[in-house]
Amino acid sequence: MAVMMLGTLEPGVLDQFLDTGEIGGMKIGQELLLFFAVMILVPLLMAFLSLSLKDSTNRWANVTVGIVYIGFQLFALIETLAVPSVYAYAVLMEITKVIVPALIVWYSWKSKQKA
């Protein structure tokens with residue numbers, strides 16, 4: 001979501017949004033806003049669940065949600081790299097949004113369960 005906010009600072013993006021109601025060719029509607037809201041809320045929910053779930057359940061939740069997030073973020077990374085004049089911040093953010101959940105999945109998978 002930070003990428004979307006930074007993207008609005010690119011020259012012409014706000015003008016395009018005000019003229020067409022689209023950003024990056026995506027029509028901004030209720031469905032897209034709901035999707036973005038879920039993408040923002042899932043990490044917050046996972047932070048809470050990491051404190052409230054048992055270790056083994058927490059590990060599997062992190063692995064499962066992390067893999068789903070990696071899929072979404074790989075798709076976003078591919079779309080970003082397909083833009084001919086992509087800004088460096090966007091590539092950095094999209095790569096980071098793949099690496100961090102991958103590390104969470106890796107450490108969750110490799111962590112030892114408490115006896």
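Each reported figure results from applying straightforward, stated rules to the coordinates on display, with no laboratory input. Since the structure is predicted, the reported quantities are computational estimates derived from the model, not experimental observations. For neighbour counting, all protein chains shown are included, and Cβ atoms are generated from backbone atoms with ideal geometry for every residue, glycine included.
In table form, for the structure just shown:
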quantity: Residue in the stretch 44-54 that is within 24 Å of Leu6 (Cα to Cα) and surrounded by fewer than 10 Cβ atoms within 10 Å (Cβ to Cβ) present; calculated: yes
quantity: Extreme residue, nearest to Val65 (Cα to Cα), among residues of the stretch 15-54 that are free of Cβ contacts under 8 Å to residues at least 12 places away in the same chain and among the β-branched types (Val, Ile, Thr); calculated: Val38
